[in-house]
Amino acid sequence: MTPFRILPADHRTRIKICGLTREADVDAAIDAGVDAVGFVLYDKSPRHVTLAKAQALAQQLPPFVTPVLLLVNADDTFVREAIAMLPQALLQFHGDESVAQCENSGHPYIRAARMASGFNLLDFAQQFSKAQAMLVDAHVEGYGGGGEVFDWSWLPSQLPCPMILSAGLNPGNVAKGVASVRPWAVDVSSGVESGKGIKDAALMRQFCQAVRAADRQCAETP
């Protein structure tokens, strides 16, 4: 894997909203202008949906909006079933999966990295050299960022793959994240919710607008 190129000043930050559970929320996310939506297939999550439900929700997506299936330590049989039912989806490995477990799927995937002081993200990214992107999340109890922001100074200036900034983002702080980190994409879940697994259409719209405004500001700043 070669070093990922430095993003141009006018880079358009991609937007992923994760943890959708309802048809109306998928429609609202599309209207807000997302690039990807995530469906949580981890049964211990309050945002969990069944594979059949994820398939039904993904059928609402128009062209160029990508479904992402979030998996946590799922067995190979379940991963194969998920790929068979949603072959157009990206996989997001969000647990303790090894390199071999991620690559055994033979399917494009994102690898989540749980950030903590002293964690070497560059080494981690180099291990998962076939990952489409690294999603950087907060290291909290359980799996997922828990709505907490980690110290962005822990992030290296460059990675050998695109970086997706996650953990504690919301309409009020995502612009700062975009300007400070200049990630390839941002990912949000609890920051646009009125309740766990219940997305708020207004917050999703505000989040996307804040990202676009940050992109414009970055493009205009020398």
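Somewhere in the range 162-172, is a residue closer than 24 Å to GLN127 by Cβ, assigned to a helix (DSSP H, G or I) and not aromatic (Phe, Trp, Tyr)? For the range 162-172, residues closer than 24 Å to GLN127 by Cβ, assigned to a helix (DSSP H, G or I) and not aromatic (Phe, Trp, Tyr): absent. Per the listing PHE78, PHE93, the residue uniquely over 21 Å from LYS196 (Cβ atoms) and either open to solvent by 20 Å² or more (accessible area, probe 1.4 Å) or more than 18 Å from the chain's Cα centre (by Cα) (or both) is PHE78. Of the helices (runs of 4 or more DSSP H) entirely within the range 16-100, those holding at least 1 residues that are acidic (Asp, Glu) occupy 23-32, 76-85. Taking the listed residues SER157, SER194, SER190, the one that is closer than 27 Å to SER117 by Cα, open to solvent by 40 Å² or more (accessible area, probe 1.4 Å), among the polar types (S, T, N, Q) and more than 18 Å from the chain's Cα centre (by Cα) is SER157, with no other qualifying. Take ILE110 and decide whether it is in contact with a Ser or Thr (Cβ under 8 Å, 6 or more places away or on another chain) and outside any loop (DSSP other than H, G, I, E, B). Here the answer is no, as ILE110 does not meet what is asked.
Would you call GLU23 in contact with a helix residue (DSSP H, G or I) (Cβ under 9 Å, 6 or more places away or on another chain) and among the acidic types (Asp, Glu)?
When the stated conditions are applied, GLU23 passes them.
Within this structure, ARG212 fails the test of being open to solvent by 70 Å² or more (accessible area, probe 1.4 Å) and modelled with pLDDT of 95 or more. The single condition among (1) small (Gly, Ala, Ser); (2) touching a helix residue (DSSP H, G or I) at 6+ places or on another chain (Cβ under 8 Å); (3) closer than 21 Å to ASP35 by Cα that SER166 does not satisfy is (2).
The values are calculated or read from the model by the stated rules, or taken from the named source; none is laboratory data. On a predicted model such as this, the values are computed, not experimentally measured, just so you know. Quick reminder, even Gly has a Cβ in these numbers, built from the backbone with ideal geometry, and neighbours come from all protein chains shown. What goes into the accessible areas is simple: the full protein's heavy atoms, side chains included, and nothing from ligands, DNA or RNA. Shrake-Rupley method; radii C 1.70, N 1.55, O 1.52, S 1.80 Å.
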